[in-house]
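Taking it in order: structure first as structure tokens, then the write-up.
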Amino acid sequence: MLQSRWIMLALLALVASLAIAPNNLVLAQPNSDSGVPGGPFSTAFRVQNLGSSNATCTYSVYNASGTQSFNSPLPSINPGTSAYVYTPSVTSFPSGVFSAVISCDQPVAAVVNYSDNDSGDTFVGISSPATKLYVPGVYDNYYNYYTSLRVMNASNSTNNVTIKYYDGATEITGAQDTFTLSPNGSRAVIHENRTGFVNNKIYSAVIEGSQPLAAVVQIYGKGPYDQQLYAYTAFSGGATKAYVPLAMSNYYGYDTATSVQNVGTTATQVKITYSNGTTQTVTLSSGASHTFLDFNLLPSANSTYSAVVESIGINPNPAQPIIVTVNESRRGSKLATTYEGFSSGATTWVAPIVMKNYYNFQSSITCQNIGNAPANISVAFKGEASGGPVNIPSQVKVSNLGVNQSAAILQQFDSSLPSGFIGSAEITSNQNIICVVNQSNQNVGTTQDQLYAYDALIKP
């Protein structure tokens, strides 16, 4: 029986949305079509087989109105391996902005990279489309940063969509979006020059549909921050604790900032605790958000840190659910990306895209031990290089990692991997861990953004 994953793709102004039902993936990315300046954009996506048998998959591409524009099978995918699609190289693939559905007979995971000549980012396929989604940061010239959404109907029925915007817990009058999406249809929602918004202020949004939705949030810079592009998937809910595996303060020029939003119904205190013991606590009203400036709170050094962000309530009110995003950037350059905080851990994770010297791209896997004892972490790789298929059995990469500590596993310096490798990874541990994957082209100058980050996915 085929199961499906929704995926939103685009060429020229290229969008990718990936949704997952039993086996359905959705990916989204935003111009009036794509939701961001620049272009033309191109998309590459990689689908990893998480099952125990070979996966047979097809992908169907839909335009904004939900009409199918393209359909193609993927090569058979062996267990643990992945299939790669670079849309500009696909014969007869149409130009435009699209959504798509990937249908497979095994469980799969997918990651989408999208870029133009000087900017890009990445996001993962959405495993659980939802009728209500949260966006913690909405900008209309927030110190030269702006946001846009790409929203996809991840159902086979007409979807009535409403987007409400909030300043803290107060809805912004006149800013609401309402529209209808056909089955598999999609739309870009742009916040630049939005009625009711003011400069240098952070808002939030709630997206509601009469049917399940998938959405990707994009942050883009202008003026001094031209070419910077960040992307992440909208949240379907929160938790009272979130984990941050990678926080930085001038780590070889890299910084992070950790943003948290209270998506509960009452005020709560939120405390961040970094792996070096530094803490900060803030009070957030319902709907309000705050950004912890990691680069100011942590020592400026060539060391990486992890963090735990916890909602601790305000007596007599209990802790409220929160959602967390982490922005990465490099000083003196355009490099920028976003990943999502994690609400839970697992002992086995998958990373659909990892690389070593692949057209100058390198990847790294940073894992945080959220268990209750020291962790040993092993990684297996499957993919290809110029010499043919690559299959590297699981090897220990990190030993005795302390509780709430993190460690980076750098593919660039992994002697077991051939140069030019691209493929997937499976990460295992004796403790619950969380992992984030970074990809970067280290040969670009200071005027391009080729830094990408995505959350690894729990293997079912």
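The values are calculated or read from the model by the stated rules, or taken from the named source; none is laboratory data. Since this is a predicted model, take the numbers as computed values, not measurements. Cβ sites come from the backbone with ideal geometry, for glycine too, and all protein chains shown count toward neighbours.
Okay, here's what the table says:
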item	result
Residues (among the small types (G, A, S), at pLDDT below 95 and crowded, with 16+ Cβ neighbours inside 10 Å) located in the range 169-195	A175, G185, S186, A188
Of all residues in the range 301-320 being of a type in the set (S, T, Y) and at pLDDT 95 or above, the one that is surrounded by the fewest Cβ atoms within 10 Å (Cβ to Cβ)	T304
Residue satisfying all of: in the range 427-460; crowded, with 16+ Cβ neighbours inside 10 Å and assigned to a loop (DSSP other than H, G, I, E, B); nearest to the chain's Cα centre (by Cα) among these	A456
Answer residue from the range 58-82, given it is touching a Pro at 6+ places or on another chain (Cβ under 7 Å) and assigned to a strand (DSSP E or B) and is farthest from L457 (Cα to Cα) among those	S69
Among residues of the range 197-236, those that are in a loop (DSSP other than H, G, I, E, B) and either at pLDDT below 95 or on the phi < 0 side of the Ramachandran plot (or both), counted	11
Residue count, the range 268-283 (criterion: closer than 21 Å to M248 by Cβ and part of a strand (DSSP E or B))	8
Filter result (touching a Gly at 6+ places or on another chain (Cβ under 6 Å), under 30 Å from P183 (Cβ atoms) and surrounded by fewer than 18 Cβ atoms within 10 Å (Cβ to Cβ)) within the range 132-168	none
Every residue from the range 406-449 that is among the charged types (D, E, K, R) and farther than 24 Å from T81 by Cβ	D449
Residue in the range 404-426 that is touching a strand residue (DSSP E or B) at 6+ places or on another chain (Cβ under 9 Å), surrounded by fewer than 20 Cβ atoms within 10 Å (Cβ to Cβ) and of a type in the set (V, I, T) present	no
Output for the range 362-381, where each listed residue is surrounded by 21 or more Cβ atoms within 10 Å (Cβ to Cβ), closer than 21 Å to A110 by Cβ and of a type outside the set (S, T, N, Q)	I365, C367, V379, F381
